[in-house]
Amino acid sequence: MFGSLGDLLSTLITIFIFVLIVRAVFSWFPQMLYTQAGRYILLATEWYLAPIRRVIPPVGGLDLSFLVGIIILYALQIFVRSGNIVAALIAIVSYALVFIIILLLVRIFFGFFKMDPWHPITQMIMQSTEPFARPFRGWFPRRPGQFDWAPIAAFVVVLAAYVLVNSLGRFGIG
């Protein structure tokens, strides 16, 4: 889009994405956030993640703001490189669909292994995927003791949407 300025912005975005990933890894080891490096990472990223966290609060004890932030940065990077806002929007939708597909797969996995329904992660997965499974409840009602087929139907539909969105991007609509 802007030649060397675009290349510079793209490189800075890549570096910031790396810093966000380091912050995510540090969050798995909370003592790391209290080190000197941890304080620098927090200082470098909190200005960006705090507004995202206000819109998308932690779910089930998991802070997903860094994932949303990375998706936004990748879309911005696509826009900076190509100058095509439609391609950037297609990238956002594509990344969001991949995230939904992963959540649905985890829910299906949980259904096979009868996970503890009161565990916070199980609750988060169930709450975040139920809006996608709910439209299929008429065909696949949830019955106690039986496998829940609605998330599989939702998975198939979301996967088809992902394939469609990616084909739009490949065929030049994006």
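Every number here is computed from the coordinates shown, using simple stated rules; none is lab data. Quick caveat: nothing in here was measured; it's all calculated off a predicted structure. Neighbour counts are summed over all protein chains in view; Cβ atoms, including those assigned to glycine, are modelled from backbone coordinates with ideal geometry.
Treating the beta-carbon of each Lys and Arg as +1 and of each Asp and Glu as -1, no other charges, what is the dipole magnitude of the chain about its Cα centre, to the nearest 20 debye?
300 debye
Binning at 10 angstrom from zero up to the longest distance, how are the C-alpha pair distances of the range 36-174 distributed in percent?
Calculated P(r), rounded to whole percents: 11, 31, 31, 21, 6, 0.
Picking from Leu20, Leu64, Val86, whose Cα lies most toward the positive end of the charge dipole for the range 1-154 (charges on Cβ: Lys, Arg +1; Asp, Glu -1)?
Leu64
Which far-off residues, 5 or more places away or on another chain, put their amide H under 5 Å from the one on Leu64, with H placed in the peptide plane?
Those lying under 5 Å, H to H, from Leu64 are Val59.
Report the equivalent ellipsoid semi-axes for the range 15-103 in whole Å, largest first, defined as the square roots of five times the eigenvalues of the gyration tensor built from alpha carbon atoms.
Semi-axis lengths for the range 15-103 are 25, 16, 10 Å.
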